[in-house]
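**Q** Dropping the structure in here first, questions after.
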Amino acid sequence: MAEQAPVTDWDLIHRWEWNRRSEWLADFRGKGKQKPLLLAFTDLCKLINVNNVLHAGCGLGTDTICLGEMGLNPIGMDSSKEAAGYATKIAGLSQSPVTFFNAPWHALKQTAPHAVDAVLYETLGQVAEWAELQRRLKAIFQMLNPGGFFMFVGAGQNDPEDIVKTQQKEQGEGQDAVWRYKDGATLCVKVVQRTLAADFMDETVLYVINTPEKAQVESTVVRHPAYWTWSHWAQLVREAGFCHLETRTYEQWGGFRVNVAWKSKQATSVDTTGRDQPYLD
C-alpha cells in the first residue's frame, strides 16, 4: 500500500464550484442526465422496481437532482457540511424537492431520513485506506433495505489487477488549466497538476486568484489510489455483509462497466443481461 495519504480539503473545492455556479447552474441537467453512471444506476433501479435511493458523497448535489428528474426519489449525503449546505441551496435554486444532509460515515444510518433500496457512491475508489473503506461499506450496508444494492466504480471482475495503474499511466503526468472564472475585478484560474507514483496518482488542485490588490494561491491534493483490485472489492463487500458482487456492462452507453453489490440472495433473480458471472453467493 502507499504512504500516508494527504488530507484533501474538499470544502475548498466545493466552495470554488459554488462561487462559480453562474457558469454551470443553467446547464448541469443536460450533462448530468447523459452520464453513463447515472443512466446505469437508474436503469437497474427501474429493473427491480425501486426508487428510494441514496447518493453518497453527493458533493454539490447536481447529479442527485438529476437522479430525481430521471424518475427516482433520491436523498443526497456528503460528509462535508459545506457541500451539503451548498447542495441544499442549489436544490432551492433549481426548484428540486431533493433532501440533502451532512453525516459522518460512522453515523450515516442514524442521521439519514430513512433507509433506502439502492446506494450510489461514485468516488469510493478514491478512499486510500483499508480501514476507512471497511467503515464506509459497513455504513452503506446498514442503510440498505433487504434486497437492495450498492453501485460503485472500481476494477471489475475480469479486469487485470493493474488496470487502474495502466489507466493512470495512460493519462500521464502534466498540468491543465481547468477553468477561468471572473467576478468583477477578481480572476480565479483552477489548475490541476498530476504526479504519478508507483501505486497512486496525486492531483494538486491550485486556485490562482488575482485581485487588483494581490495575487494568492489556494491549494489541496486529491489522491487517486491505483492499488484496489477486484479481489480487494470482493473481500471488502463480503466483510461488510453483502452476499453477491458482480460487474455489469452497458453496451448501450459505450460499454460502460460498473460494480454492483447486493445485500441479499433476492439479487439472483435479477435479469442477468450485461452481467459477468457473479463472484459472491
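The values are calculated or read from the model by the stated rules, or taken from the named source; none is laboratory data. Computed from a predicted structure; not experimentally measured. As a convention, Cβ positions derive from the backbone with ideal geometry for all residues, glycine included, and neighbour counts pool all protein chains shown.
**Q** Go through segment 14-44 and give me each residue that's among the basic types (Lys, Arg) and more than 13 Å from Leu72 (Cβ to Cβ).
**A** Matches in segment 14-44: Arg15, Arg20, Arg21, Arg29, Lys31, Lys35.
**Q** Please enumerate the residues belonging to segment 1-14 that are under 18 Å from the mean Cα position of the chain (by Cα) and surrounded by fewer than 16 Cβ atoms within 10 Å (Cβ to Cβ).
**A** Val7, Asp11, Leu12
**Q** Another one. Take the conditions closer than 19 Å to Val222 by Cα and buried (at least 17 other Cβ atoms within 10 Å of the Cβ) and apply them to Ala56. Does it pass?
**A** yes
**Q** Right, another one. Leu108 - would you say it is buried (at least 19 other Cβ atoms within 10 Å of the Cβ), in contact with a strand residue (DSSP E or B) (Cβ under 6 Å, 6 or more places away or on another chain), touching a residue at least 24 places away in the same chain (Cβ under 8 Å) and closer than 20 Å to Ala261 by Cα?
**A** In short, no.
**Q** Using the structure shown, decide if Gly76 is at pLDDT 95 or above, touching a Cys at 6+ places or on another chain (Cβ under 9 Å), farther than 17 Å from Trp16 by Cβ and not in a strand (DSSP E or B).
**A** No, not satisfied.
**Q** Let me ask something additional. Could you please let me know if Ala107 is outside any loop (DSSP other than H, G, I, E, B) and within 25 Å of Gln142 (Cβ to Cβ)?
**A** So Ala107 passes the test.
**Q** Of the residues that sit in segment 64-79 and are within 17 Å of the chain's Cα centre (by Cα) and closer than 20 Å to Gln252 by Cα, which one is surrounded by the fewest Cβ atoms within 10 Å (Cβ to Cβ)?
**A** Cys66
**Q** Additional query: Do we have Leu54 as at pLDDT 95 or above, in the same structural domain as Glu122 (by TED's automatic domain parsing) and either among the polar types (S, T, N, Q) or over 28 Å from Pro104 (Cβ atoms) (or both) here?
**A** Considered against the rule, which asks whether it is at pLDDT 95 or above, in the same structural domain as Glu122 (by TED's automatic domain parsing) and either among the polar types (S, T, N, Q) or over 28 Å from Pro104 (Cβ atoms) (or both), Leu54 comes out as no.
**Q** For segment 30-50, which residues satisfy the criterion of being within 22 Å of Gly92 (Cβ to Cβ) and surrounded by 17 or more Cβ atoms within 10 Å (Cβ to Cβ)?
**A** Gly32, Leu38
**Q** Those residues that are charged (D, E, K, R) and either under 29 Å from Ile13 (Cα atoms) or surrounded by 21 or more Cβ atoms within 10 Å (Cβ to Cβ) (or both), I need them from segment 221-247; list them, please.
**A** Arg223, Glu246
**Q** What are the residues in segment 143-189 that are aliphatic (A, V, I, L, M) and within 18 Å of Leu206 (Cα to Cα), if any?
**A** Ala177, Val178, Leu187, Val189
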